[in-house]
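The values are calculated or read from the model by the stated rules, or taken from the named source; none is laboratory data. Because the structure is predicted, anything quoted here is derived from the model rather than measured. Cβ atoms come from the backbone with ideal geometry, glycine included; neighbour counts cover every protein chain shown.
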Amino acid sequence: MIKIKPLEETDELQEAETFQPLTAQEVQQLRQKMPLLSVWRVVGVQISVGAVAALLAGWATDSVVALSVGYGALSVVIPAALFARGMTSPASSVNVGTAVFGFLLWEIVKIGLTLAMLLVAPRVVSQVSWPAMLVGLVLTMKVYWIALGVRSVFYPKVNFNTEHKNVR
């Protein structure tokens, strides 16, 4: 039979016991250094990326391709804006349970609206160019990855060299 040794006093355990919670001033400084990502800022960048892609497509090709790229971008932006509105409503932040339920609900609404917009695309855009529409859709959707990976696009410049005793 295998016996598990009891946990001995280690540096990590002693460090965990001596942890000091942040003061109100330290929390305020941390929030200034690392602000929360605004979903509206992400939607705004998605609108910009979609508009630039549609304008470039219109400049390089004909208007059908530009409209298709623009509609592909709108197929991401409109559901994302609806999702952002739903997630930032006061009802979605009552408690953890409603936040999780609200996230799942609005994500399902976002996916459903995106699919519905793609299904009605031939009726909205005459002679829709599916490859061009998918380019607009993918470019606009990749803004989520940019938001996660490229901090400087969505946040102000931050100096992380300032030392605080509890802020790492």
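Quick notes
- The helices (runs of 4 or more DSSP H) falling completely within region 1-91 that include 2 or more residues that are among the β-branched types (Val, Ile, Thr), under 30 Å from residue 134 (Cα atoms) and modelled with pLDDT of 90 or more map to 39-60, 63-87.
- Counted residues, region 92-103 - those being in a helix (DSSP H, G or I) and either within 24 Å of residue 49 (Cβ to Cβ) or not β-branched (Val, Ile, Thr) (or both): 7
- Contact map, region 108-127: first residue in a loop (DSSP other than H, G, I, E, B), second residue among the aliphatic types (A, V, I, L, M) and surrounded by 11 or more Cβ atoms within 10 Å (Cβ to Cβ), Cβ cut-off under 8 Å, separation 6 or more or different chains; pairs are 125/64; 125/67; 125/133; 126/64; 127/64.
- In region 66-82, the residues that are among the hydroxyl-bearing types (Ser, Thr, Tyr) and in contact with a Ser or Thr (Cβ under 8 Å, 6 or more places away or on another chain): 68, 75
- Of all residues in region 35-42, one or more are basic (Lys, Arg), surrounded by 13 or more Cβ atoms within 10 Å (Cβ to Cβ) and in contact (Cβ under 8 Å) with a residue 24 or more places away in the chain.
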